[in-house]
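Asks: Below: one structure in structure tokens.
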Amino acid sequence: MSEPWSPTTVERRLMEIANEIAHLISEAIDRHRAYLIADHAYDVAMAHAYLAAEGPVKVREYKAELATETERAARDEADVLYRHVERRLRGKHDELEAFRSVGASVRTAYSTGGGTS
């Protein structure tokens, strides 16, 4: 932050962070939806592959796993993207809490005559 902290600058940053959180929540919903769709596609593909396979149970399981490699990779990638946005969201919440603390300190400094501007 290049300008000195004042109650106004802290409040402005708090609003920016809140807006960033709102965007991340929307992204998290989209990523979670994509993960659920990919997970369902994997489950359906696995069931079809297992039912189509012949041989003992273990052989059918392995055949089904090999036949659904693409669906599993898509599901795993969707999971990675969803977890990444969740971590970013937690980080933004932590940043928001830190700025709330800064805001309280700045307001206290201004109320006791320690602030300038």
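The values are calculated or read from the model by the stated rules, or taken from the named source; none is laboratory data. Since we're looking at a predicted model, the values are computed, not measured. A quick note on method: Cβ atoms are made from the backbone with ideal geometry, for glycine too, and the neighbour counts reach across all protein chains shown.
Asks: When you go through A45, A34, A38, A73 one by one, which is the residue that is more than 24 Å from the chain's Cα centre (by Cα), modelled with pLDDT of 95 or more and among the aliphatic types (A, V, I, L, M)?
Replies: The match here is A45.
Asks: List the residue pairs whose Cβ atoms are under 7 Å apart, where the first residue sits in segment 75-90 and is free of Cβ contacts under 8 Å to residues at least 60 places away in the same chain, the second is surrounded by 15 or more Cβ atoms within 10 Å (Cβ to Cβ) and among the charged types (D, E, K, R), and the two are 6 or more positions apart or on different chains.
Replies: R75/D39; L81/R31; Y82/R31
Asks: Considering segment 91-117 alone, what residues qualify as being without any contact (Cβ under 8 Å) to a residue 24 or more places away in the chain and not small (G, A, S)?
Replies: If we filter segment 91-117 for residues that are without any contact (Cβ under 8 Å) to a residue 24 or more places away in the chain, which is where we start, we get 91, 94, 97-98, 101, 104-105, 108-109, 111-114.
Within segment 91-117, D94, E97, T108, T112 qualify.
Asks: In this structure, does A38 turn out to be crowded, with 17+ Cβ neighbours inside 10 Å, in contact (Cβ under 8 Å) with a residue 40 or more places away in the chain and not hydroxyl-bearing (S, T, Y)?
Replies: Details: crowded, with 17+ Cβ neighbours inside 10 Å: yes; in contact (Cβ under 8 Å) with a residue 40 or more places away in the chain: yes; not hydroxyl-bearing (S, T, Y): yes.
Judged against the criteria, A38 is a match.
Asks: Something else about it: Return only the number of the condition from (1) of a type in the set (V, I, T); (2) closer than 28 Å to R83 by Cα; (3) in contact (Cβ under 8 Å) with a residue 40 or more places away in the chain that V44 does not satisfy.
Replies: Checking V44 against (1) of a type in the set (V, I, T); (2) closer than 28 Å to R83 by Cα; (3) in contact (Cβ under 8 Å) with a residue 40 or more places away in the chain, the one that fails is (3).
Asks: Out of (1) among the aliphatic types (A, V, I, L, M); (2) closer than 19 Å to V10 by Cβ; (3) surrounded by 14 or more Cβ atoms within 10 Å (Cβ to Cβ), the odd one out for M46 is which?
Replies: Among (1) among the aliphatic types (A, V, I, L, M); (2) closer than 19 Å to V10 by Cβ; (3) surrounded by 14 or more Cβ atoms within 10 Å (Cβ to Cβ), M46 violates only (2).
Asks: Across segment 49-61, what is the number of residues that are of a type outside the set (V, I, T) and loosely packed, with under 14 Cβ neighbours inside 10 Å?
Replies: Filtering segment 49-61 down to residues of a type outside the set (V, I, T) leaves 49-56, 58, 60-61.
The next check asks that each one be loosely packed, with under 14 Cβ neighbours inside 10 Å; those that pass are 51-52, 54-56, 58.
Qualifying residue count for the region: 6.
Asks: Here is a further query. Yes or no: segment 97-116 includes at least one residue that is in a helix (DSSP H, G or I), surrounded by 13 or more Cβ atoms within 10 Å (Cβ to Cβ) and among the acidic types (D, E).
Replies: So far as segment 97-116 goes, no, none of its residues is in a helix (DSSP H, G or I), surrounded by 13 or more Cβ atoms within 10 Å (Cβ to Cβ) and among the acidic types (D, E).
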